[in-house]
Every structure is written in structure tokens, then in C-alpha cells.
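*Asks:* Before I ask anything, here is the structure I am working with.
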Amino acid sequence: MIQESNLAKEKIDSLMTEYCACKKSGGNRARLKRIWGEVYFLLSSAENPCGRKVKAKIKELLHKNSHLNHIYEESDILTDCLTECLARYDSEKCDAFFPWFMTCLSWWVNDHIYKKHTRIVQNAQGEKIRENRTESLGRNEDGTEKDADSLGTDTVISPDEQTEGKFNAEARIAQMFSYIRFMEHSSGKAANPTRLFYSRCFVTDYMTSVCKDGIHQEIQINQQEAFGTMNTDFLDFFMTQPCRTLQNIAVTAPKTYAQLEISSKQEEIKIPLEAAVYKKYLPDRLGRSVTDAAISQQRKAFHEQLGINPKQKTWNLE
């Protein structure tokens, strides 16, 4: 177990040394994204000793700061902290990234998030208490509730936030590709052909949403790697024409419910895909019947491995 942990740390350290060298030499962005994805996967995967330590640390920090539980998901903390660390880390000054990152993780939650999302206020009894900033949005400075008409509903996203969101989307896709490569080269207990098959289908579903939302035109995606990661047989199954470019996916209509013999409806199937589409496709490929529960379980495992919050828009990583 100790040897496995040391090997994982050495792998992360090696990747981060490569990342720093690439960044200093003005290396291409695709390479930086690939490394980001691999490091994120190693730090988030429950199958990796470093990933398990990170998850345990985040749970511990959230337990100590319980007021943050409804503001931040575990995966959000990892994504935000890693993004900050990549901007600050210098392998020439510190060649052991993992222990440095674990220290930064504590700082990120205890200092950065704590100060950003809480503030000291005075309650009705005149006592000073700390509350979530989100709890104060509906009150005036004197603590009285604001009228409903005075509360705005529109949120303006700044250019900086938009840029960060695009970078995060690129990084998530790179991380997804890294996960598939990891699954392809796994052996022993980590090898799981069924999970790999499902994961390729989920990546195909995800990338289809990215293209249909037009996000592929705003961020950099390695098209060859994308199609090497997706299940093109599955893509051909639910699209009306074979698609071998991201733009093809964006402009090609998906099949209707009737064409897939799901129902008599002549409407196009929804993207992201519903379980009914998977249930039509998977039995012939896996050689057995597939239930909603099985699909849900596989999707949950996929989300957990990648730190995806299924409640958020499929390509949005904020």
C-alpha cells in the first residue's frame, strides 16, 4: 500500500514538473490541458491512493466548516483549488507537489472560501455572529428583509468569469479523455470492460451536448482525441447521419423516438440522452438486457470518478 501511494505521488510530481516546464517554455495549450486532466484524475479518483487522501481531506475540511456544505460540492473545491495551485506552483522551488497541494487544500477551504462566503454580522440580540453571505442577499443592512420587487433576478457574468469557465470546460474534457485512456490501459482489478464501454457512451453523450450547445467553437478540443475517446458506433446509432467531426455533430439532427422505436413520437430525442436510448442500444452490444437501475449506477460511478455534478449543465464546470 505504501509503495502504491509513493508511485502515485511520483507520477503526480512527474506530471507537474512537465507542466511547469511546458508553461515556462510557452508550450502548446493542448499539452497543458492534457496534463491538467491527468493530474485532476489522479487527485480525484477513488481508485488512486492520492485521490482517496484528497477526498478524505475535503470531507474533513467540509465537516469542520459545515456552513459551506450547501455552497460547495467536493468536486468544486478540488477543481478551484487545483486551478489556483497550477497558477502558483513552481517545480524548481518545490519538487514534491502532492504534500504542497494538500497544504494548499487546507488553506483554500479554511481561508479563501471561508472569507469569501461568510461575514460577521450583528443579530437581533446585538451579538456578533458569522453567516453565509448568500443568507444576507435578501436582507437590508439593518437586517430587515428586502421587498420582493427590489431583488434582482439576472446575474451578469464578467469576461474574466467567462474565460475561466471556458478554461474549466477545456480542462474537464481533457480530464475525461485521460480517464478513458486510464481505463483502456488498466489491468487486474482495475480492468473493467463493461465500465469502459459505458464510459465511452457517456463521453459520447457529453460531447454531443458540448457540440449542440456550440461550446466546441469557443474552446480548444483535440478532435482526433475526441473521436478516439467516444463510441462512434453509439453516435451513429442515435444520429441521423454518421458524424466524424465536431461540427458534423453540431449541425446533424438526432433521430426521433419513432426511428429508434422507443415510442411513436416523431420528435427528435433529447440531448443529453435519456435512459431509454441507452436501453435500446446496449443490450445487443453487451449481450444482455439492461435496466434503468444499471444505467443509473454506471452513470453515477462515471460522475463520481470525474467529479461531475449531474445537476449542473452538462458542459458547465462552474
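*Asks:* Sum up the charges of everything whose Cβ sits under 14 Å from the Cβ of Ser199, counting Lys and Arg as +1 and Asp and Glu as -1, but leave Ser199 out.
*Replies:* My count for the surroundings of Ser199 gives +2.
*Asks:* Something else now. So between Cys94 and Gln241, what do we pick up on full extension, going 0.36 nm a residue minus the alpha carbon distance?
*Replies:* Taking Cys94 through Gln241 to full extension adds about 47.8 nm, to one decimal.
*Asks:* Of Lys24/Lys57; Lys55/Lys270; Lys57/Lys300; Lys55/Lys279, which ones are farther than 24 Å apart at the Cα?
*Replies:* Violating the 24 Å Cα-Cα cut-off are Lys24/Lys57; Lys55/Lys270; Lys55/Lys279.
*Asks:* Rank the residues Trp36, Trp107, Trp100 as a footprinting-exposure proxy: fewest other Cβ atoms within 10 Å of their Cβ go first.
*Replies:* Starting with the residue having the fewest Cβ neighbours, the order is Trp107, Trp100, Trp36.
*Asks:* Whole percent per 10 Å bin, from 0 to the bin with the longest distance: what is P(r) over all C-alpha pairs of the stretch 159-306?
*Replies:* 10, 39, 36, 13, 1
*Asks:* Relative contact order of the stretch 159-306: what whole-number percent is it, with Cα pairs under 8 angstrom and at least 6 residues apart?
*Replies:* Over the stretch 159-306, the number comes to 22 percent.
*Asks:* A further question follows. Amide H neighbours of Met239 under 5 Å, at least 5 residues apart or on other chains, H built in the peptide plane: list them.
*Replies:* Residues meeting the criterion, in which the H sits 1.01 Å from N, are Lys255.
*Asks:* Cut-off is 10 Å between beta-carbons; in what order do Cys50, Cys94 appear when sorted fewest neighbours first?
*Replies:* Fewest-to-most Cβ neighbours within 10 Å comes out as Cys94, Cys50.
*Asks:* Excluding Phe238 itself, what net charge comes from residues whose Cβ is under 11 Å from its Cβ, given Lys and Arg +1 and Asp and Glu -1?
*Replies:* -2
We did not get these values from a lab; they are worked out from the coordinates using the rules stated. Keep in mind the model is a prediction, meaning the values are calculated, not measured. Positions of Cβ are generated from backbone atoms using ideal geometry, with glycine treated the same way; all protein chains shown enter the neighbour counts.
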